[in-house]
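I have placed the structure first, in the form of structure tokens, so that the comments after it can refer back to it.
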Amino acid sequence: MHVLLVEPNYYTRYPPLGLLKLSSYHKSRGDTTELVRVKHEGYRKAKNKPRRIYVTSLWTWAWKSVWEAIGYYRKLYPDSEIWLGGAYASILPDHASNAGADLVFEGLFKEAEDLLPDYTLVPDWDGSILFASRGCNRKCGFCVVWKLEGPINSCKKSIKHLIWPSHTKVILWDNNFLQSPYWREILDELEELQLKVDFNQGIDAAYVTDEVAERLSRLRLDSGRGIKIRLAYDESWRKRHVQKAIERLKDYGFKGRSIMVYILFNWVDDPDDFFHRVRDVLRWGVVAYPMQYQPIEIPWALQKNSYISPKWDWHRIDLVQRFRRVVGYGGALPPYKALVEKFEKAQSFDEAFSLREPKTVKK
């Protein structure tokens, strides 16, 4: 049969990994496939009438574009079977059930999980995206991973079979790579392959030992914009782990500006707690990247950045976002001298994130 794979009209830097795996699965069964990326090429008819249509999804707040894609292809091919999968479908299956698909698929399509994605559908893309493991043993209250994928699982001893021959980069989407019992074996392969490597979801600071830092220093790490390693400083109690991880990475040759630290805000923290964490990161000489918390529950999940936690308000959230746009670089706050000094002098969140110096009152 002919299979149509549809990526709706939302923005993402990456190709739809799940659809590429489904293409490999169906081709192994003798089926034909084609991919429509609505954001890139608009809506169009399939080359052949599809018997099945897969529509993927990503951010929950991009649900309207998913519904639109299903509606378009339902009208065009009323006799075709439409399956809806992806993150939105798994996080909000009840809401997704109203999109008009014949089937809302939750979780992973296991038959395709260990297949090499069909990168012939995205010939201009250069990067093999893969999971060396799934899940995470932490149960962070702000995170959906452990709810969807459970504790660390599906750990691979080898990833070579998931790397496209012509690609020059490997992009790992593991949610906690260093929890896998086979992380050493995977690092051995990455070092042997000598390809660029991007630990896209970051590295858990608590697991960065001297051995880990030394092993990472031997890889061709490249996450773009000069960043090699991403860490997270989501709660104040993690300070010791994050600081120690940064010190170890620097001991093994990582420059401060090649390390980026995600800093969660608008969760259980308050503005001053967030200010102190940003100041810590800048003091340590690495890049700070504020990340606004977004719940996965309705109604907030349906509209990006619609949630305000009890200890925050719209004004202060807007201060953070404007400060990132005006002072930051691509949303990040590099530890350049003037910015570090500004945060050192500040006594509060409002003072640190102000964009203008207070006016001097003339007497």
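Here the strands (runs of 3 or more DSSP E) wholly within segment 1-79 that include at least 1 residues being touching a residue at least 60 places away in the same chain (Cβ under 8 Å) and over 20 Å from Gly127 (Cα atoms) are 2-7, 32-37.
Residue pairs whose Cβ atoms lie under 8 Å apart, separated by 6 or more positions or on different chains, with the first residue in segment 219-238 and surrounded by fewer than 18 Cβ atoms within 10 Å (Cβ to Cβ) and the second modelled with pLDDT under 95 and not small (Gly, Ala, Ser), are Arg225/Tyr329. Among the residues in segment 317-340, are any surrounded by 15 or more Cβ atoms within 10 Å (Cβ to Cβ), farther than 30 Å from Leu249 by Cβ and either of a type outside the set (Lys, Arg) or assigned by TED's automatic domain parsing to the domain that holds Lys244 (or both)? Yes. If only residues of segment 7-47 that are farther than 27 Å from Gly224 by Cβ and touching a Ser or Thr at 6+ places or on another chain (Cβ under 7 Å) are counted, the one that is surrounded by the fewest Cβ atoms within 10 Å (Cβ to Cβ) is Lys27. Among the residues of segment 99-127, just one is at pLDDT below 95, part of a helix (DSSP H, G or I) and not acidic (Asp, Glu), namely Lys110.
Has segment 332-345 got at least one residue that is more than 24 Å from Trp59 (Cβ to Cβ), of a type in the set (Val, Ile, Thr) and in contact (Cβ under 8 Å) with a residue 12 or more places away in the chain? Looking for residues that are more than 24 Å from Trp59 (Cβ to Cβ), of a type in the set (Val, Ile, Thr) and in contact (Cβ under 8 Å) with a residue 12 or more places away in the chain, one finds at least one in segment 332-345, hence yes. Taken across segment 226-237, residues that are in contact with a Gly (Cβ under 6 Å, 6 or more places away or on another chain), under 26 Å from Thr12 (Cβ atoms) and of a type in the set (D, E, K, R) do occur, with at least one present. The residues on offer are Tyr207, Tyr182, and the sole one that is in contact with a helix residue (DSSP H, G or I) (Cβ under 7 Å, 6 or more places away or on another chain) and of a type outside the set (A, V, I, L, M, F, W, C) is Tyr207.
The residue list Pro151, Pro123 contains one member that is over 29 Å from Pro78 (Cα atoms), free of Cβ contacts under 8 Å to residues at least 40 places away in the same chain and touching a helix residue (DSSP H, G or I) at 6+ places or on another chain (Cβ under 9 Å), which is Pro151. Entry remark, segment 128-153: residues being at negative phi, under 17 Å from the mean Cα position of the chain (by Cα) and at pLDDT 95 or above number 8 in total.
Residue-by-condition table, conditions (1) under 26 Å from Val36 (Cβ atoms); (2) out of contact with any Pro (no Cβ under 9 Å at 6 or more places or on another chain):
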| residue | (1), (2) |
| --- | --- |
| Glu106 | yes, no |
| Lys110 | yes, yes |
| Asp114 | yes, yes |
| Trp125 | yes, no |
| Val145 | no, yes |
| Ser154 | no, yes |
| Leu162 | yes, no |
| Trp173 | yes, yes |
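The values are calculated or read from the model by the stated rules, or taken from the named source; none is laboratory data. Since the structure is predicted, the reported quantities are computational estimates derived from the model, not experimental observations. A quick note on method: Cβ atoms are made from the backbone with ideal geometry, for glycine too, and the neighbour counts reach across all protein chains shown.
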